Amino acid sequence: MLIQLLILLASGAAGSTLGYFLRLPMWPITGALLGSAAANVLMAASITMPFALSFTAQVLVGTAIGASVMPGFLGEIRKYLVPAVAVVVTLVAAGISAGVLMSALGLLGLPEALLGMVPGGVGEMVAAASVLDADSALVAGIHVIRLLITLWTLPLLIKWAQTWKRPPLPG
């Protein structure tokens with residue numbers, strides 16, 4: 001188990017390094033994700049991170065994000081609260097609709113379809129799938145595909161959207 005975990009971690013690090021040299025968008029995340037997934041596939045194993053290690057990584061990510069919050073954040077976020085909530089509600093409604101449709105068409109079971117289509121973190125959706133006796137691997141796979149597509153297309157979409165930017169009004 002320890003050897004497999006070390007292989008998984010080394011594969012994630014190698015994937016990140018390769019992602020850097022290949023100039024993958026968001027290379028630390030996408031490279032590690034692809035490297036560790038490749039290791040699991042090649043080892044024909046389902047090695048998961050021990051809870052303590054996964055928990056520590058999530059705490060570090062949360063802390064890094066929290067450290068980026070500066071004074072005045074709450075005043076600033078108030079301006080965007082209504083549109084942000086509207087977008088989240090729209091995304092959740094679209095995910096639920098897509099999940100119900102995929103289940104109705106017989107493509108996925110209802111729990112897997114709903115958990116796979118609604119927005120959320122991979123870990124959280126997989127944990128929910130496990131609690132609901134749904135296929136956790138399938139839910140993880142759907143979210144990994146979503147995550148990779150998002151991470152790989154987002155830099156291009158941002159660049160494209162910036163072409164719409166109007167020059168500031170004089171005065």
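No lab work stands behind these numbers, since they all come straight from the coordinates. These figures come from a predicted structure and were not determined experimentally. Cβ: placed from backbone, ideal geometry, glycine included. Neighbour counts: every protein chain shown.
Would you be able to say whether some residue in the range 37-47 is under 16 Å from the mean Cα position of the chain (by Cα) and of a type in the set (S, T, N, Q)? Checked the range 37-47: no residue is under 16 Å from the mean Cα position of the chain (by Cα) and of a type in the set (S, T, N, Q). Annotation note: Cβ proximity below 8 Å between a residue of the range 115-140 that is outside any helix (DSSP H, G or I) and a residue that is crowded, with 18+ Cβ neighbours inside 10 Å and among the charged types (D, E, K, R) (sequence gap 6+ or interchain) occurs for A134/E112; D135/E112.
Of all residues in the range 105-114, how many are outside any loop (DSSP other than H, G, I, E, B) and over 20 Å from S46 (Cα atoms)?
Within the range 105-114, the subset outside any loop (DSSP other than H, G, I, E, B) is 110-114.
Filter once more, so that each one left must be over 20 Å from S46 (Cα atoms): 110-111, 113-114.
Result for the range 105-114: 4.
Of everything in the range 21-30 that's within 19 Å of the chain's Cα centre (by Cα) and assigned to a helix (DSSP H, G or I), which residue is farthest from P50 (Cα to Cα)? Filtering first and then ranking leaves W27.
Quick grid of which residues meet (1) assigned to a loop (DSSP other than H, G, I, E, B); (2) farther than 22 Å from V139 by Cβ; (3) not charged (D, E, K, R):
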residue: A10; (1), (2), (3): no, yes, yes
residue: T17; (1), (2), (3): no, yes, yes
residue: F55; (1), (2), (3): no, no, yes
residue: V61; (1), (2), (3): no, no, yes
residue: P71; (1), (2), (3): yes, yes, yes
residue: L74; (1), (2), (3): no, yes, yes
residue: A84; (1), (2), (3): no, yes, yes
residue: L91; (1), (2), (3): no, no, yes
